[in-house]
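Accompanying notes for the structure given below.
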């Protein structure tokens, strides 16, 4: 007996084409290696006034599933898990994914959000741990780029293709995050395969400050530094020194192509959850920065199969000491 699995949108399109051409349910079932009852049930449930249409069928099925999950009763174990992980700044999607991975308990992301809203309605404060990203994007630089040509700059087009495949550890995207009124900031690094994210406070936006911070962050991980990719800021004009110190190659994204360093840009936005945009950063300590990035690196990611960046990095490098966090690693 064939095991029942949910039909995909592509399979519904297959049913739509054959049904439209007049083929029998038995023929359709055999062509898809499915039970005839599956095809019969699909056509019965999802045929509208204009006949069976695969997009409408997909929407109707999705709506039924949402309705089915609408009144799920959360157990004390799940409530405690959601509450605990929210306070570690996990998103509802991350919580739901990891809940299934660790405890084999399935709930929808919508159910997790609903719990947070219900908690807020009775005076709870769990909602304060949700991330809110409603601000409009603003370009960093004006119409003309006056930052100048960086000596020895190698364009991202010259970067090895393997970097784009995310199949190895060691390809890092680099950026700076600057505080309000240009008071302090962070040098930030994002590793493309594991999504590991590092940040270190800097006093100013000079090439010296940037190099010192990047060197301090990556020297303990020198064996896993193959490439660095920067934007075109003058603060990265000493990239040759970094390449020599760390034994890696350096590349630069095209001007205004922030998506070519999209991982780092995204993580910088997440860092702002701890250090808001309207905050001066000149008094932030290294330990405060490490605590924030450790929380980020301990969040499960959908793109990692709900593993955390720390877990993926440790598995691929064999260095599980990093699971103790960058506070321990950096001392």
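The values are calculated or read from the model by the stated rules, or taken from the named source; none is laboratory data. From a predicted model like this one, the values you see are computed outputs, not experimental measurements. Heads up, the Cβs are rebuilt from the backbone with ideal geometry, glycines too, and the neighbour counts pull from every protein chain shown.
Table for the structure above
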quantity: Condition check for residue 66: modelled with pLDDT under 90, within 30 Å of residue 16 (Cα to Cα) and not in a loop (DSSP other than H, G, I, E, B); calculated: yes
quantity: Residue check, residue 55 at pLDDT below 85, in a helix (DSSP H, G or I) and within 30 Å of residue 304 (Cα to Cα); calculated: yes
quantity: Enumeration of residues in the range 23-42 that are part of a helix (DSSP H, G or I) and crowded, with 17+ Cβ neighbours inside 10 Å; calculated: 25, 28, 29, 38, 39, 42
quantity: Sole residue being over 25 Å from the mean Cα position of the chain (by Cα), part of a helix (DSSP H, G or I) and without any contact (Cβ under 8 Å) to a residue 12 or more places away in the chain, chosen from 244, 235; calculated: 244
quantity: Residue list for the range 168-180, restricted to those being assigned to a strand (DSSP E or B), in contact with a helix residue (DSSP H, G or I) (Cβ under 8 Å, 6 or more places away or on another chain) and in contact (Cβ under 8 Å) with a residue 60 or more places away in the chain; calculated: 173, 174, 175, 177
quantity: Looking only at the range 181-222, and only at residues there that are touching a helix residue (DSSP H, G or I) at 6+ places or on another chain (Cβ under 9 Å), touching a residue at least 60 places away in the same chain (Cβ under 8 Å) and surrounded by fewer than 19 Cβ atoms within 10 Å (Cβ to Cβ), the one that is farthest from residue 163 (Cα to Cα); calculated: 203
quantity: Test: residue in the range 239-252 that is more than 13 Å from residue 172 (Cβ to Cβ) and surrounded by 17 or more Cβ atoms within 10 Å (Cβ to Cβ); calculated: yes
quantity: Top-ranked residue in the range 133-157 [being at pLDDT 90 or above and within 26 Å of the chain's Cα centre (by Cα); ranked as farthest from residue 277 (Cα to Cα)]; calculated: 157
